[in-house]
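I have placed the structure first, in the form of C-alpha cells, so that the comments after it can refer back to it.
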Amino acid sequence: MFFSYTNFTWCTNSKVTFSNMDDIYQGRISFLNNEKHFGFISIKNNGSYFFTTQTFEQSLLKKQGLIDRVRSFSVGDEVQFKVRPSENKRGKFVAYEIIFLGNDKRQKLIDQFLSGDKMLGYLKKFQDKFFVKHLETYVFVQIIISGWETDLQNIYEGRIDKIVEFRLVDYKKIEKITGVLKDRKFIDEYHQIVDFFTKGTVVEALITGKNADGFFTTTFNGKAPGFIPYYNKMSSIQKETFLSLKIHDIVQTKISHISNNQLKLVLLE
C-alpha cells in the first residue's frame, strides 16, 4: 500500500524446473497492492516472485489443514511457498500455496508495547486513514479514531509527519495491529458516558428510528447515538415494553457496551 513496485520484476529463475516445482521456498513479502490483490515475495540473492492475494487459495490451504486460519498478509512477512509457471507470462514463475511463518518487526513492536516501553512514531495519512510509522521497527500501525473524539484538526491533521506517542489496542492478529494516540481528546459527554456505564446509572433514551433488529436512540442531550437491540432472552416485561415502543418515546435504559461511535442499550423492566 505504501510502496512503489516499479523496480520489481517477475522471476525467471533458471534453477526452477518442472522436476523441482514441488520444492518449498522461503522469502519475505516485499510489496503488496491490496486494492489490486497482488504482491511480490523476495528471496535473498534470487529475485522476486509475483503472487496474488485472493483469499480462495488461503481457504483451500485451511481446508487441507496446512494453515490454522485465512490470513491477510503484510509487507515484511516471512513466508514459505511453492512456484509454478505463470499462466500469463511465458518463461516466468509465480508463487503459490503461501504460508505465513512470522513477522519479526511486527512481533518486536508488540513485545515493546507489552513490556511498557514508550511507543513513538511519525503520524502519516494515506487514503483518508491515519497511521503511525513506529520509530524503531518502521511498522505502520493504523490509528483508530473514535466517534467520541474532538479537536481532530489539531490532534491529527495538524501533526502529520510529526512524532506522536501511541499505544496498541488490538494486536491479537499480527497482521491487523491497530492503535490510538495517547493524547487524543474526547467530548465532555464521553466521560459522563463512561461514568454511567461503570456505575450502571439509568440513562434516558429518545427513540429516533427502528429496523428489524431494534430501535435507534439518542442520549445525553443528543450527543450520544445508541441502539436498543431485540434479543430472545428479554423478560416478558421487557418484550412487552419493546413491542410497544414508538418513535419519539422516551425510555429508561442502561448502557451495556460503548463502541467507537454508538452506545448499546438495554431496556429496564
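Nothing in this text is a laboratory measurement; each read-out follows from the coordinates by a stated rule. Note that the structure is a prediction, hence the values are computed from the model and not measured. Here the Cβ is made from the backbone with ideal geometry for all residues, glycine too, and neighbour counts use every protein chain on show.
Values as computed for the structure displayed
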| quantity | calculated |
| --- | --- |
| Total formal charge among the other residues, if their Cβ is under 15 angstrom from that of LEU60, Lys/Arg +1 and Asp/Glu -1 | +3 |
| The chain: equivalent-ellipsoid semi-axes (sqrt of 5 x gyration tensor eigenvalues, Cα, Å) | 47, 25, 16 |
| Pairwise centroid distance, computed over Cα atoms, of segment 43-81 with segment 113-147, Å | 25 |
| Positive minus negative residues near GLY209 (Lys, Arg vs Asp, Glu; Cβ under 15 Å) | 0 |
| Descending principal axes extents, segment 188-267, alpha-carbon based, whole Å | 34, 22, 19 |
| Dipole-positive endmost among LEU32, GLY91, PHE50 within segment 25-102 (Cβ charges, Cα centre) | GLY91 |
| For segment 25-102, diffusion coefficient by Stokes-Einstein and Kirkwood Rh (Cα), 10 °C, 1.306 mPa s, µm²/s | 125 |
| Expected 222 nm ellipticity per residue - DSSP helices of 4 or more, -39500 (n - 2.57), all of the chain, to 500 | -4500 deg cm²/dmol |
| Whole-Hz couplings from phi, Karplus 6.51/-1.76/1.60, listed for segment 243-249; x for Gly and Pro | 5, 8, 5, 9, 4, 5, 5 |
| Distance between modelled label sites at ASN88 and LYS125, nm, 7 Å Cα→Cβ extension | 3.4 |
| Cut-off 19 Å (backbone N to label point 7 Å along Cα→Cβ of GLN26), residues of segment 61-88 | 66-68, 74-83 |
| Crossing angle, helix 104-114 versus the chain [Cα axis fit, 0-90 degrees, rounded to tens] | 30 |
| When each of LYS108/LYS133; LYS124/LYS185; LYS129/LYS264 is checked by Cα-Cα distance, pairs over 21 Å | LYS129/LYS264 |
| Selection of trypsin sites (Lys or Arg not before Pro), segment 79-141, meeting DSSP coil and at most 13 other Cβ within 10 Å | LYS89, ARG90, LYS118 |
| Prolate/oblate/rounded label for segment 122-193 (Cα gyration tensor, a/c 1.5) | oblate |
